[in-house]
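Read the structure below first, then the notes.
Any read-out appearing in this document is the output of simple, stated calculations on the displayed coordinates, not a laboratory observation. Computed from a prediction, not measured in an experiment: that's the story for all the values here. Virtual Cβ from ideal backbone geometry, glycine too; neighbours counted across all protein chains shown.
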């Protein structure tokens, strides 16, 4: 059985990460890898969380990140307010964690993609998420 190859992430919690992609194509299904285990409050469905994040297409361009804006994003998690890969991948994590998410289209924006952000319907999305707070 082959192991799943995920991007290598450089940078520490709280700083803008950089991704280096393997030569392999994106893996099937939602992939969640904890890069730094936090020891804070566990994220429950229905909580509001505050995160910093970087979003990039698999092997492609960065389409969004909160680090450059110096403005974390706060939103309800686990209730369908964000893409499914975030709901499924972040619920159960702890504050202080840095999490790598590889999100296939069916757990992201679907076949429509987000053309204005340069996201095609067949793009796998990769996010590095620093979980800052939960309320």
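Remarks
- Virtual paramagnetic centre 7 Å along Cα→Cβ of residue 81, amide N under 19 Å, in segment 29-51: 41-51
- Computed [θ] at 222 nm, deg cm²/dmol, the chain (DSSP H ≥ 4; -39,500 (n - 2.57); rounded to nearest 500): -1500 deg cm²/dmol
- The separation of segment 57-116 from segment 9-33, counted between C-alpha centres, amounts to 12 Å.
- Remark: relative contact order (the chain) = 30 percent; criterion is Cα-Cα distance under 8 angstrom and separation of 6 or more residues.
- Treating r as the C-beta distance of residue 20 and residue 120 and R0 as 22 Å, the FRET efficiency rounds to 0.55.
- Gain in span if fully extended, residue 68 to residue 133, counting 0.36 nm per residue against the direct Cα distance: 21.5 nm
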